[in-house]
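Have a look at the structure below before the remarks.
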Amino acid sequence: MKRLLLLSGLVATTLLGKVVDFPTALEEALKGNEELKAKKMEIKKARAQLEEAKGYNWGKLTLGETYSRTNNPLYVFGMKLESREASFKDFGFADFLNNMQLAMNPATGGQVLQIKPDDLNYPHSRDNWKSNLIYELPIFTGFKLKYAVQMAELQVRAKKFKFQNDKEKLAIEVLKAYNGAVAAKYFIQALQKAKETTKTFVKTVREYYSQGMATQIDLLSAQKRDNEVEAMLIEAQNKYQLALAYLRYLTNDSSVTDVGEFYYEKVPNLTIDQLRGIALQNRSDLKFMGANVATMKSYTKMERSAYFPTIGFHGEYGYNDNKMTLSKRKRYYLVAVGLKWNLFDGGRSGKVEQAKAKALQTVHYYNAMKQGVAIDVEKKLLDYRTKSAIIKSKEVNRKLAHKILEKYTYMYKQGMIPFAILLLKEADARKADAELIKAQYDKAIAAAQLKQAIGKLLSINKGE
């Protein structure tokens, strides 16, 4: 019954799941990885900031509608004057006319000037509607807007290079996950063969024990080794499932249930100097830093704009009345051009010097990064060569270990060696299997890291 359920599960997995190779897994990750999608939004944000910087050159057009009600004499008088309906009565002339006799008398004329007119000081509450259209334009900003646009354009480029670097990091992670799953699958296959070997040991020793040709210790040792290999097999199967789960996470593809063979990047057969030259031209992180250097130069120039005058335009057209109106008698306009020049500002020189220091600091970081890239390429090349050499020796060791195991198995059956020696040779063969698989994995990762070091890991979709 258990075998039937296991078989049904395997059939369902085969039907519902899929086997992926590395190029497919990488393509799915570059399209579907949620974290990568979030990082790509940095480019969109940078483009929006560029549009914002460019937009300032077009100025700002504002439509306003304001309603107010007040009995404040200053506002009431100003509202009436603005709507062109102020009268002598609003000035308080009624109180002046009521005291005309005092005004005509030279002895009392001065007293009239001391009268506080009620119409002016205590006006009735007024409703006021003000509609206007205002256009403000920076005509000259001391080149500040020019350099702000330059900085924004450079940051769009920088974000593209940064995103390319993020894709390369994801590609390495996908390669590790994919080849890790392949390695785990090979471990399972190797342990399954080892399980067949230890199972045969148990059967053989049991037969020998029943015939008095083997000791009970031999039988117990065979059973113990068989159980150890069983535990290793279960652990390898668990690691394989974990590797697949991580690969499904990176690719955002829940249908992945198996992987193909080890994937190796093709490494160019070039000298170290040639590889360094390629790296300096193609490394996305270096291009990102170069864009930041250019950005900081523009930032320094933008800070210097404080030494120049600024010129701005203000245009306004509107209506003002105690009710909403479009009457020609209630309309007004205002046109103004203003110039502002800070002849002295004790803080601006400090800001300029700070900008210069930041720009120079970025240049130093950039130069240090170029030196680091050269070292990184050499390190990755040496690592790849080492891993390539190791894998050849591991392949030879594996063949020798299995051949030795066959010889010692024959010798044990002939009674020439004790069983403990045979167990040691079985462990050596299993160890040789594991070392070869790990060497294959290490070489694959080293090749990809070398391609990443010279900026050639992803040769498509640059910067997007």
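For the range 250-271, enumerate the residues that are among the β-branched types (V, I, T) and within 12 Å of A177 (Cβ to Cβ). Explain how you work it out, then say what you get.
Applying the first criterion (among the β-branched types (V, I, T)) to the range 250-271 yields 251, 256-257, 259, 267, 271.
Of everything in the range 250-271, those that are among the β-branched types (V, I, T) and within 12 Å of A177 (Cβ to Cβ) turn out to be T251, V256, V259.
Looking only at the range 246-263, which residues are surrounded by 14 or more Cβ atoms within 10 Å (Cβ to Cβ) and either charged (D, E, K, R) or without any contact (Cβ under 8 Å) to a residue 12 or more places away in the chain (or both)? It would help to see each step written out before you state the result.
Initially, the range 246-263 is screened for residues surrounded by 14 or more Cβ atoms within 10 Å (Cβ to Cβ), giving 246-253, 256-260, 262-263.
Hits for the range 246-263 are R248, Y249, D253, D258.
Tell me whether the range 14-25 contains one or more residues that are more than 30 Å from R157 (Cα to Cα), surrounded by 11 or more Cβ atoms within 10 Å (Cβ to Cβ) and modelled with pLDDT under 80. Before you say what the answer is, go through the steps one by one.
Here is the first cut: in the range 14-25, the ones more than 30 Å from R157 (Cα to Cα) are 14-21.
Next, only the ones that are surrounded by 11 or more Cβ atoms within 10 Å (Cβ to Cβ) stay: 14, 17-21.
Next cut, modelled with pLDDT under 80 only: 14, 17.
Yes, some residue in the range 14-25 is more than 30 Å from R157 (Cα to Cα), surrounded by 11 or more Cβ atoms within 10 Å (Cβ to Cβ) and modelled with pLDDT under 80.
When both residues are 6+ apart or on different chains and their Cβ atoms are under 7 Å apart, which pairs have a first residue that lies in the range 210-223 and is farther than 18 Å from M411 by Cα, and a second that is surrounded by 14 or more Cβ atoms within 10 Å (Cβ to Cβ) and at pLDDT below 90?
As it stands, the answer is Q216/Y209, since those pairs meet every condition given.
Hey, among D433, D383, D428, which residue is within 30 Å of Y263 (Cα to Cα), acidic (D, E), in contact with a Phe, Trp or Tyr (Cβ under 9 Å, 6 or more places away or on another chain) and not in a loop (DSSP other than H, G, I, E, B)?
D433
Please specify each residue of the range 108-147 satisfying the condition of being more than 30 Å from T310 (Cβ to Cβ), among the aromatic types (F, W, Y) and crowded, with 18+ Cβ neighbours inside 10 Å. Break it down into steps so the answer makes sense when it comes.
As a first pass, look at the range 108-147 and keep what is more than 30 Å from T310 (Cβ to Cβ): 108-129.
With the extra rule that they be among the aromatic types (F, W, Y), the set shrinks to 122, 129.
Matches in the range 108-147: W129 only.
Can you go through Q189, Q155 and tell me which one is free of Cβ contacts under 8 Å to residues at least 12 places away in the same chain and in a helix (DSSP H, G or I)? Steps first, answer last, please.
Working: Q155 fails: free of Cβ contacts under 8 Å to residues at least 12 places away in the same chain.
Just one listed residue meets the conditions, Q189.
What is the residue count in the range 79-95 for residues that are under 60 Å from the mean Cα position of the chain (by Cα) and in a loop (DSSP other than H, G, I, E, B)? Working first, answer last.
Taking the range 79-95 and keeping what is under 60 Å from the mean Cα position of the chain (by Cα), we get 79-84.
Still in the running and in a loop (DSSP other than H, G, I, E, B): 83-84.
Qualifying residue count for the region: 2.
The values are calculated or read from the model by the stated rules, or taken from the named source; none is laboratory data. Predicted model only: the values in this text are computed from it and were never measured. With ideal geometry, Cβ positions are generated from the backbone for all residues, glycine too; neighbour counts draw on all protein chains shown.
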